[in-house]
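The values are calculated or read from the model by the stated rules, or taken from the named source; none is laboratory data. Bear in mind that the values here come from a model prediction, so they are computed numbers and not experimental data. Cβ coordinates were reconstructed from backbone atoms using ideal geometry, including for glycine residues, and neighbour counts include every protein chain displayed. What goes into the accessible areas is simple: the full protein's heavy atoms, side chains included, and nothing from ligands, DNA or RNA. Shrake-Rupley method; radii C 1.70, N 1.55, O 1.52, S 1.80 Å.
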Amino acid sequence: MIKANRRRLYSVLGSAVRAIVIVSICFVILRPVLVKLVSSFMLERDLYDQTVKWIPRSFTLENYRNMFIHMHYTEAFPRTALFAVGIALLQLASCTLVGYGFARFRFWGSNLLFGLVIFTLVVPPQIIILPLYLNLRFFTVWGLIPEPGIDLLGSYWPFILMGISGTGFNNGLFIFIMRQFFKGMPRELEEAAYIDGANPLQTFLRVMLPGAKPALVIVFLFATVWMYNDYFFTLMFMRSGNLLAHRLDIAAHNYAHSIGAFFTGQYISLLNNTGMILFITPLLVLYILMQRYFVESVERTGIIG
Amino acid sequence: MSTKRRFRLSLRGREAVCGYLFTLPFTLGFVLMFLHPFLQSVIFSLSKLELGSTGYSLTFTGLSNYHNALFVNADFPRLLLETAGSMFGGVPLILVFSFFAAILLNQRFKGRTVARVIFFLPVILGADIILRMESADYITLFLEEGIVDVDEMTFVGRDQLLGLLMYMKLPEQLLTYIVVGALRVADIIRSSGVQILIFLAGLQSIPSSHYEVAKIEGATGWECFWMVTFPLLSPLIVTNIVYSIVDFFTTPTNPLVVFIEENMFGSAGYGVSMAMSWIYFAVVTVFLLLTAGLISRKVVYMDER
């Protein structure tokens, strides 16, 4: 009896400690978002008001209205979303194939090739950005296409080409994740499929892919989020800067310019924070939808084990 | 029958062909999209680059750019040491935290979905454009500073903590490490999103039958953790180390990255900033090879052969 009581006490205590730890970690993570959210409803004078910390005194939606217009949201968002999801799907397809190839087949040079995958991941973008720019400006495929080559800049082609070939931003990581994941899957399923007469591609598509759902969802999510957020590469390769990230960057200044006013740094910051909320909201929605999907994944499908 | 025989390869040969086919996208991408710019960047770092109206000209200057970066530039060696130092310190903390967080999030408790959503938020919030904007944002800097004492743990009291740890007679180096780690807790938490996700996906892919077997054999929860969970997650530890290091040294807000980007078009010249990226890159590569090499010896794969 006493033993049972003590055990219950321990489990209650354990839950309490866990709850405290989780809540405080959540607070640390949420604080920047809360700060943005709160300030997006403020007027500029609330920023100088010492008594205002978390609750705005003068609640306003002006910031949202202005930023929505000056980010060209209705036009830039669909374009950016389509771009991000499209490229992410290409990256997902290529990285999954390549990752599976590394995980399950032994072939001469596979370790070297995999080393190169990690290598592309580890080379910082700053090192290759200018040569890459020149390469895409005069795209000759090592001289196969006659000089001066094709100008791929200003189009989606750089991203498409890098997407289907698993050399896009952080794609080495995706290949790595897929490889580790496939390696961790038991071999029996594939063997059964082979015995039933499936070829490697069929086995991959019908047996391995359904089991890899959590990894697929994660890679897709990362790829989408990183393409959507990307500023550095898209600005460099697309010239026009009409994606949402570029619009967000200059929206506040555009607004000031359009009404011919001078904005203080504080007001610009207020507008920028509102813009950031507008910018991340679609990502949050996508993310919440997908997270439900990969949380239930393995436990439910039960294909592994 | 006869057609089949003509194409018959050995089992191993067929496996190799599959391996090459699956990894073909990357092989092509590496040769077409990556290798050329990469080799060019080596040449750039050894030359003086002059951009003109019609194109660019290169003059070979040998190792002088490297000499400039290491011995002439006043800030680079110091920044390099600092960045490398904080990477050495930060990566193990991120790993431990994300491992712990993933295990926490894998347990069943009320509000688990919400907690998961929040824990992975930094993946979305910590991407390119948002980081760039936040690093120069008034509200973020101002309001964060207003409540920054939470990070510095006023509620425990830094000195009390130090005293407690002293009392426990811990070695001094470990002590400083813990205290410095505690001060960076918000940073650590916010840069662990991807790592937690990777660990969590791994946790979910461990077949429940493994635990059932362990339970039947009479293993306690503690033994289950060390005999089942930990070894099966070990491949992902390598993934996460690689990711943490790469993420750390390519974030746009990393002081060294900022410094290199500033130098790219500054007085020092493009060649010198290339040389700096190369030195930085070399340091990180050595670190990466050492840790990954050491740890992957201990890694357990489900698929042993």
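Of note:
- B:Val96 being β-branched (Val, Ile, Thr), within 17 Å of the chain's Cα centre (by Cα), closer than 30 Å to A:Ser15 by Cα and open to solvent by less than 20 Å² (accessible area, probe 1.4 Å): no
- Some residue of the stretch A:122-143 being facing another protein chain (nearest Cβ under 8 Å) and closer than 30 Å to A:Glu190 by Cα: no
- Against the list (1) within 27 Å of the chain's Cα centre (by Cα); (2) surrounded by 17 or more Cβ atoms within 10 Å (Cβ to Cβ); (3) of a type in the set (Phe, Trp, Tyr), the condition A:Trp157 fails is (2).
- Within the stretch A:226-268, tally of residues that are part of a loop (DSSP other than H, G, I, E, B) and without any contact (Cβ under 8 Å) to a residue 60 or more places away in the chain: 7
- Filter pass, A:Leu248 being open to solvent by less than 10 Å² (accessible area, probe 1.4 Å), touching a Gly at 6+ places or on another chain (Cβ under 8 Å) and on the phi < 0 side of the Ramachandran plot: yes
- Pairs linking a residue in the stretch A:269-292 that is more than 7 Å from every other protein chain (Cβ to nearest Cβ) to a residue that is β-branched (Val, Ile, Thr) and in a helix (DSSP H, G or I), with Cβ atoms under 6 Å and 6 or more positions apart or on different chains, are A:Met290/A:Val217.
- Answer residue from the stretch A:76-102, given it is buried (at least 22 other Cβ atoms within 10 Å of the Cβ) and in contact with a Lys or Arg (Cβ under 7 Å, 6 or more places away or on another chain) and is nearest to the other protein chains (Cβ to nearest Cβ) among those: A:Phe102
- Of the helices (runs of 4 or more DSSP H) lying entirely inside the stretch A:1-97, those containing at least 2 residues that are among the hydrophobic types (A, V, I, L, M, F, W, C) and touching a residue at least 60 places away in the same chain (Cβ under 8 Å) are A:2-40, A:62-70.
- Filter pass, A:Asn171 being without any contact (Cβ under 8 Å) to a residue 12 or more places away in the chain, in contact with a helix residue (DSSP H, G or I) (Cβ under 7 Å, 6 or more places away or on another chain) and either more than 10 Å from chain B (Cβ to nearest Cβ) or surrounded by 23 or more Cβ atoms within 10 Å (Cβ to Cβ) (or both): no
- For the stretch B:255-278, filtered to residues that are open to solvent by 10 Å² or more (accessible area, probe 1.4 Å), more than 13 Å from B:Asp75 (Cβ to Cβ) and of a type outside the set (Asp, Glu), the residue that is farthest from the other protein chains (Cβ to nearest Cβ) is B:Gly269.
- Residues in the stretch B:209-235 that are within 30 Å of the chain's Cα centre (by Cα) and either hydroxyl-bearing (Ser, Thr, Tyr) or not in a helix (DSSP H, G or I) (or both): B:Thr229, B:Ser234.
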